[in-house]
Structure formats: C-alpha cells, structure tokens
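The values are calculated or read from the model by the stated rules, or taken from the named source; none is laboratory data. Since this is a predicted model, take the numbers as computed values, not measurements. Backbone-built Cβ (ideal geometry, glycine too); neighbour counts: all protein chains shown.
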C-alpha cells in the first residue's frame with residue numbers, strides 16, 4: 001500500500017510505503033501552532049515525488065521543520081530522535097539525564113496531508129515537547 005502526503009497546492013508530494021503504527025501529537029510551541037500530527041519513518045522510506053517549494057524553519061537549528069513555500073503547509077520534519085532518550089512525558093529514560101541530546105535523527109511526515117484518511121484509527125502518542133526540548 002503506497003500512501004501519498006500532499007501539500008495544499010501539490011508542490012510537495014511524499015510517498016510513504018505504509019501507515020505508521022502510531023501518530024504523535026506534540027504540544028511544543030511549534031507543533032501546537034502548526035497543528036501537525038506526525039508519523040515517523042526512516043529516511044529511506046520517504047520518496048519525494050515533488051518537493052518544488054521546500055523551505056525550512058528551525059528555531060535553534062536542531063529540529064528542521066519543512067513547509068511548502070507556496071501554500072505554507074507544514075509537510076515534514078527532520079529532528080533528533082528524542083524518543084531515543086526521553087519518555088513521552090518528557091522525563092529522561094534510564095541511563096540518561098535532562099539535557100542529553102540524541103545521537104540519531106528521525107524523519108516525520110504531517111499525517112494531515114494524507115487526503116481522505118481518518119487518523120483516529122491510529123493510536124495517539126501525546127508528547128510533552130513543550131517541557132522537554
């Protein structure tokens with residue numbers, strides 16, 4: 001099953017091989033304002049069919065939020081793999097301390113860009129990004 005995430009104007013089209021097992025809803029200041037719901041994938045699972053007006057916003061250079069420079073929709077992200085070190089409630093996992101930085105990066109797609117797909121069937125992980133990073 002191939003799914004296609006598309007921005008409003010169609011300048012960004014990302015093919016995904018499957019649905020993620022879960023959706024992630026983050027309450028950080030950016031995700032809250034963008035209204036994105038994230039699905040995580042390995043970088044080699046995402047195929048960019050079109051990415052004509054890609055722009056990047058990064059407040060501190062850590063989390064790279066990609067959006068369409070034409071219609072403005074939040075499309076995908078490239079960020080440290082925060083789940084490597086932190087629990088969903090923002091507390092460090094065993095063996096880690098607050099302030100630790102992940103060594104791996106991960107990619108995400110705004111699942112709201114999947115046309116005619118009801119996301120309520122995916123389990124939601126609520127992440128406290130506002131107090132974690």
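Just checking, how many residues over segment 6-35 are in contact (Cβ under 8 Å) with a residue 60 or more places away in the chain and closer than 14 Å to residue 122 by Cβ?
Result for segment 6-35: 8.
Would it be correct to say that residue 70 is assigned to a loop (DSSP other than H, G, I, E, B) and modelled with pLDDT under 90?
no
Every residue in segment 47-62 that is in contact (Cβ under 8 Å) with a residue 40 or more places away in the chain and part of a loop (DSSP other than H, G, I, E, B), please.
Result: 52, 53, 62.
Return yes when residue 89 is free of Cβ contacts under 8 Å to residues at least 60 places away in the same chain, on the phi < 0 side of the Ramachandran plot and surrounded by 15 or more Cβ atoms within 10 Å (Cβ to Cβ) and no when it is not.
no
Filtering segment 105-133 down to residues that are surrounded by 10 or more Cβ atoms within 10 Å (Cβ to Cβ) and either free of Cβ contacts under 8 Å to residues at least 12 places away in the same chain or in a loop (DSSP other than H, G, I, E, B) (or both), which residue is farthest from the chain's Cα centre (by Cα)?
117
Taking segment 104-130 on its own, how many of its residues are out of contact with any strand residue (DSSP E or B) (no Cβ under 8 Å at 6 or more places or on another chain) and modelled with pLDDT of 90 or more?
Total meeting the criteria: 1.
Pick from segment 8-46 the residues that are assigned to a helix (DSSP H, G or I) and in contact with a helix residue (DSSP H, G or I) (Cβ under 7 Å, 6 or more places away or on another chain): which of them is surrounded by the most Cβ atoms within 10 Å (Cβ to Cβ)?
31
Test of understanding: among 89, 100, which residue is modelled with pLDDT under 90 and in a loop (DSSP other than H, G, I, E, B)?
Result of the check over 89, 100: 89.
Limited to segment 49-85, what total is found for residues that are surrounded by 16 or more Cβ atoms within 10 Å (Cβ to Cβ), over 23 Å from residue 6 (Cβ atoms) and more than 16 Å from the chain's Cα centre (by Cα)?
Residues meeting the conditions: 1.
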